[in-house]
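To start, the structure itself, in structure tokens.
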Ligand code: GDD
Ligand code: MN
């Protein structure tokens with residue numbers, strides 16, 4: 001404690017009379033306490049000032065351990081004079097990206113990581129990253145250095161001036177470049193852009209961009225209506241909410257990936273389709289149900305093919321053939337749904353087998369319900385076609401609702 005120390009110093013350093021010393025040490029002690037208080041206050045203010053970031057940067061990562069140090073360094077350079085924080089949202093990458101970020105965070109308190117386990121998805125990672133930060137402006141960018149971090153100060157400057165909600169790094173306005181893309185990738189991107197205009201304003205030149213800065217309030221206004229499906233968070237943002245986003249596109253040159261590999265695969269196209277469907281009709285029918293239904297229809301074809309292969313040549317009775325075909329179709333449906341409908345929380349390993357068992361159980365109940373409902377309607381003077389179709393719809397809704405809960409562990413679509 002301070003007072004005894006001061007008294008001790010005073011008593012050793014002077015030969016003042018005892019009473020004086022008492023008074024003196026008391027004054028010194030109180031003086032030094034208030035000095036300490038003041039110092040703590042000042043330090044506290046300084047800390048708080050540092051903590052009050054103006055800009056949060058959210059970077060989704062999957063297997064980007066070789067890029068995070070370089071990106072962090074470049075951001076530090078590009079953002080001199082700006083109070084920023086950086087959050088990586090990593091989906092438990094096997095290359096230990098999260099661990100690499102934690103090491104960086106040991107040297108820089110502005111950096112941190114959110115590590116999600118058993119989850120996948122670029123958009124949902126961005127949403128969760130934004131929600132974990134607090135600055136009035138939030139930027140989203142990739143970890144692979146394809147997005148030019150030197151554009152960030154200009155984006156911030158534009159938003160600070162007011163009147164706009166979002167500044168987008170764009171490859172398709174004057175001065176922008178798509179970089180070293182092959183013709184096929186460029187065509188796909190152009191096609192995806194054209195299709196997106198069903199849900200985003202046509203004036204937006206680069207809705208596929210994953211590089212932008214948004215005012216927090218504008219984000220929070222629409223966060224509850226985001227689909228957070230797949231790769232295209234910007235399309236999602238533009239197609240959600242009641243107020244249109246006031247935007248500007250700033251040109252930049254899309255660079256080559258620094259290290260590692262792109263995560264863009266053919267499933268991304270399915271996710272994109274689901275996002276568009278969700279934006280168009282999701283209010284009435286969940287996109288996952290559409291996905292489930294489409295795969296279910298493919299399952300019917302599988303069923304008929306198996307039945308034809310077994311029953312027609314007389315290998316099995318109709319009843320056995322029908323039962324085997326139903327089982328094969330269920331297995332087919334389970335794996336394809338796991339791959340596409342529930343890509344963001346795909347079951348693997350032991351959970352895969354448990355999931356298959358619960359899915360087959362759920363669908364068996366669905367099949368019984370299907371036959372029961374159809375039979376009931378048919379015996380009540382309904383035509384055989386509507387009776388059968390309603391039976392199928394009832395079973396599909398049951399299968400979807402129950403398996404989304406028991407098999408893939410979701411509470412809602
Ligand atoms: N957390 C998380 N989860 N991050 C992911 C996931 C995921 O499932 N999949 C990809 N990412 C991260 C990557 O690690 C990278 O930082 C960023 O998201 C973009 O992924 P890339 O694999 O580099 O995608 P790309 O280069 O094909 O796509 C880019 O170009 C598009 C424009 O055509 C991205 O910038 C897109 O956002 C952009 O729309
Ligand atoms: Mn990339």
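Residues of the range 238-252 being surrounded by 14 or more Cβ atoms within 10 Å (Cβ to Cβ) and either within 16 Å of ligand 1 (Cβ to nearest atom) or modelled with pLDDT of 90 or more (or both), which ones? Write out each step before concluding.
Filtering the range 238-252 down to residues surrounded by 14 or more Cβ atoms within 10 Å (Cβ to Cβ) leaves 238-241, 245, 247-252.
If the condition is that a residue be surrounded by 14 or more Cβ atoms within 10 Å (Cβ to Cβ) and either within 16 Å of ligand 1 (Cβ to nearest atom) or modelled with pLDDT of 90 or more (or both), then 238, 239, 240, 245, 247, 248, 249, 250, 251, 252 are the ones that fit.
Applying the condition of being outside any loop (DSSP other than H, G, I, E, B) and farther than 22 Å from residue 279 by Cα to the range 168-212 and asking which residue is nearest to the chain's Cα centre (by Cα) yields 169. Looking at this structure, is residue 299 in contact with a helix residue (DSSP H, G or I) (Cβ under 8 Å, 6 or more places away or on another chain) and either within 21 Å of residue 119 (Cβ to Cβ) or part of a helix (DSSP H, G or I) (or both)? For residue 299, the condition - in contact with a helix residue (DSSP H, G or I) (Cβ under 8 Å, 6 or more places away or on another chain) and either within 21 Å of residue 119 (Cβ to Cβ) or part of a helix (DSSP H, G or I) (or both) - is met. Given the criteria buried (at least 18 other Cβ atoms within 10 Å of the Cβ) and over 22 Å from the mean Cα position of the chain (by Cα), does residue 151 qualify? Yes; evaluated as a whole, the condition is true for this residue. Residue check: residue 374 meets all listed conditions (1) surrounded by fewer than 17 Cβ atoms within 10 Å (Cβ to Cβ); (2) farther than 18 Å from residue 291 by Cβ but one, namely (1).
Applying the set (1) in contact with a strand residue (DSSP E or B) (Cβ under 6 Å, 6 or more places away or on another chain); (2) within 28 Å of residue 339 (Cα to Cα) to residue 192 leaves exactly one unmet item: (1). Comparison of 274, 304 shows that the only residue that is crowded, with 22+ Cβ neighbours inside 10 Å, at pLDDT below 95 and more than 14 Å from ligand 1 (Cβ to nearest atom) is 274. Selection of first residues in the range 198-218 that are touching a residue at least 60 places away in the same chain (Cβ under 8 Å) and farther than 16 Å from residue 240 by Cβ and of second residues that are assigned to a helix (DSSP H, G or I) and within 16 Å of ligand 2 (Cβ to nearest atom), restricted to Cβ pairs under 7 Å at least 6 apart or on distinct chains, gives the following pairs, ordered by first then second residue: 210/233; 210/234. Of the residues making up the range 56-73, those that are surrounded by fewer than 22 Cβ atoms within 10 Å (Cβ to Cβ) and touching a helix residue (DSSP H, G or I) at 6+ places or on another chain (Cβ under 8 Å) are 62, 63, 65, 69.
Consider the range 266-318. How many of its residues are more than 19 Å from residue 195 (Cβ to Cβ) and touching a residue at least 24 places away in the same chain (Cβ under 8 Å)?
Result for the range 266-318: 12.
Once the range 253-268 is narrowed to residues that are surrounded by 12 or more Cβ atoms within 10 Å (Cβ to Cβ) and modelled with pLDDT under 90, the residue that is farthest from ligand 1 (Cβ to nearest atom) is 267. Filter the range 322-343 down to the residues that are assigned to a helix (DSSP H, G or I) and surrounded by 20 or more Cβ atoms within 10 Å (Cβ to Cβ) and list them by number. Correct list: 325, 329, 330, 333, 334, 337, 338. State whether the residues of the range 246-264 include one that is away from ligand 2 (no atom under 16 Å from the Cβ), out of contact with any strand residue (DSSP E or B) (no Cβ under 7 Å at 6 or more places or on another chain) and in contact (Cβ under 8 Å) with a residue 40 or more places away in the chain. The answer is yes, given that some residue of the range 246-264 is away from ligand 2 (no atom under 16 Å from the Cβ), out of contact with any strand residue (DSSP E or B) (no Cβ under 7 Å at 6 or more places or on another chain) and in contact (Cβ under 8 Å) with a residue 40 or more places away in the chain. Of everything in the range 344-385 that is assigned to a loop (DSSP other than H, G, I, E, B) and in contact (Cβ under 8 Å) with a residue 60 or more places away in the chain, the residue that is farthest from the chain's Cα centre (by Cα) is 347. Restricting 348, 354, 288 to residues that are within 30 Å of residue 269 (Cα to Cα) and surrounded by 15 or more Cβ atoms within 10 Å (Cβ to Cβ) narrows the list to 288. Among the residues of the range 85-119, the ones that are assigned to a loop (DSSP other than H, G, I, E, B) and within 16 Å of ligand 2 (Cβ to nearest atom) come to 3 in all.
The values are calculated or read from the model by the stated rules, or taken from the named source; none is laboratory data. Note that the structure is predicted; figures quoted are calculated from it, not measured. When we count neighbours, we look across all protein chains shown, and the Cβ atoms used for this are built from the backbone with ideal geometry, even at glycine.
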